[in-house]
Amino acid sequence: MNTPALHICLVSDTFAPHINGVACILLNLSEGLRLRGHQVSVVRPRQPGEQASSHNPGVRLWRDWPLPGYPGLQRGGVSLHTLTRHWRRQRPDVIYIATEGPVGLSALRTARRLGIAVVSGLHTHVAHPSGQYGMGVVARLLSLYLRWFHHRAVLTLVPSLNQQRWLERRGFERLVHMERGVDAELFNPARRSQALRERWGLSHDDIAVLHVGRLAPEKNLGLLQSCFEALQRALPQRRLRLILVGDGPLRGKLLQQVPEAVLCGVQRGEQLAEHYASSDLFLFPSLTETFGNVVLEAMASGLAVVAYDQATAAQHIGHGHNGALAMPGDAAAFIDAACWLLQDSETLRRVRLNARQHASHQGWSKIVDQFEAHLLSASLSTHGRQATSMQPLPPL
């Protein structure tokens with residue numbers, strides 16, 4: 001039976017050409033939906049240099065303001081009246097809200113006013129972003145708000161089973177597990193470039209230790225320095241180089257801490273894939289991810305990944321088989337895992353081959369199939385379609 005064509009609206013504070021996990025996921029999902037014959041529109045904040053109206057008729061831009069500490073990243077807002085008028089003219093069959101900020105909240109309220117079904121995605125790590133700085137009250141408020149927000153969707157998509165169970169214990173409802181994919185043709189060991197390695201100052205037998213991601217405090221990047229220094233001590237006869245792909249507020253500090261590191265800035269597309277494939281070991285010390293797309297990208301590129309046993313890594317890495325894991329927060333175990341991978345060349349070779357083999361089966365096509373099915377189901381559902389007023393936030 002053929003799936004009926006839908007008008008699907010994606011709502012997010014971030015979208016391509018942004019370089020981050022949420023933007024990457026939404027781009028792959030939107031392209032997959034369009035290939036299946038659906039009309040896909042996007043509501044997002046206007047970015048620096050963009051006009052109020054997009055050249056793309058499927059993208060609707062709204063007023064914005066900068067996010068402190070993250071140059072180029074904007075937060076936006078839109079009035080209920082404006083969004084109501086827009087969706088009355090071009091009514092979606094179903095709305096997917098990927099972020100819970102001002103744009104997402106306006107979209108949620110407007111959708112309920114108009115009786116349009118909403119599917120939400122939980123891309124925000126509930127436990128850590130505020131709690132890690134000792135702001136317990138803020139963390140609790142964030143958790144309450146997120147539960148209130150997602151309770152008003154037909155269903156909420158979460159990227160890992162561990163996260164789903166954790167959220168269910170804290171009162172979140174109607175959670176559905178939907179994994180993420182990777183483009184294994186783009187991220188491929190065949191893109192390894194000795195010319196790029198030579199620009200990094202590395203020969204064929206030297207070791208490139210890679211990290212890809214936003215250079216920001218919540219990413220636990222202090223562990224990169226400790227781990228890299230431990231690797232240098234463990235392998236004094238080998239030349240190692242720390243390769244950092246990405247940008248963010250910690251760029252200068254990281255360069256001070258590891259002066260010999262190579263800072264490559266933001267890379268995209270084939271250039272990003274070449275940086276992955278030209279490296280040997282991938283360090284992912286973050287404790288605040290709901291998924292972590294870069295882990296699958298590194299595995300697809302044939303890298304040995306060291307990560308904490310959570311989110312993507314918990315789902316896709318078998319310790320000692322296609323990567324190495326440490327208990328969340330155990331920095332010493334993380335460092336030991338990295339050292340273990342590099343101590344034996346045969347172990348490293350085997351792990352890298354297994355990583356590529358596993359990731360090559362995690363394509364986006366089956367993920368888009370799941371997403372399409374969830375959206376269709378929601379569009380036919382009556383839950384959340386009542387044009388009722390929003391309930392207030394629960395008390396502390």
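The values are calculated or read from the model by the stated rules, or taken from the named source; none is laboratory data. Predicted, not measured: the structure shown is a model, and the values here were computed from it. Every residue, glycine among them, receives a Cβ derived from its backbone with ideal geometry; neighbour counts consider all protein chains shown.
Among residues that are on the phi > 0 side of the Ramachandran plot, small (Gly, Ala, Ser) and at pLDDT 90 or above, GLY72 is not included.
Would a scan of region 265-280 turn up a residue that is in a strand (DSSP E or B), in contact with a Phe, Trp or Tyr (Cβ under 6 Å, 6 or more places away or on another chain) and surrounded by fewer than 20 Cβ atoms within 10 Å (Cβ to Cβ)? The answer is no; no qualifying residue exists.
I'd like to know if region 241-260 contains one or more residues that are part of a loop (DSSP other than H, G, I, E, B), in contact (Cβ under 8 Å) with a residue 24 or more places away in the chain and among the acidic types (Asp, Glu).
Yes: region 241-260 contains one or more residues that are part of a loop (DSSP other than H, G, I, E, B), in contact (Cβ under 8 Å) with a residue 24 or more places away in the chain and among the acidic types (Asp, Glu).
Of the helices (runs of 4 or more DSSP H) lying entirely inside region 311-360, those containing at least 3 residues that are of a type outside the set (A, V, I, L, M, F, W, C), surrounded by fewer than 22 Cβ atoms within 10 Å (Cβ to Cβ) and within 25 Å of the chain's Cα centre (by Cα) are 345-359. Among the conditions (1) closer than 21 Å to ARG89 by Cα; (2) at pLDDT 95 or above; (3) out of contact with any Cys (no Cβ under 9 Å at 6 or more places or on another chain), LEU35 misses just one, which is (1). Residue pairs whose Cβ atoms lie under 7 Å apart, separated by 6 or more positions or on different chains, with the first residue in region 198-223 and of a type in the set (Phe, Trp, Tyr) and the second at pLDDT 95 or above and buried (at least 21 other Cβ atoms within 10 Å of the Cβ), are TRP200/ALA208; TRP200/ILE243.
Filter region 299-310 down to the residues that are surrounded by fewer than 24 Cβ atoms within 10 Å (Cβ to Cβ) and either assigned to a helix (DSSP H, G or I) or not assigned by TED's automatic domain parsing to the domain that holds LEU348 (or both) and list them by number. Passing the criteria: none in range.
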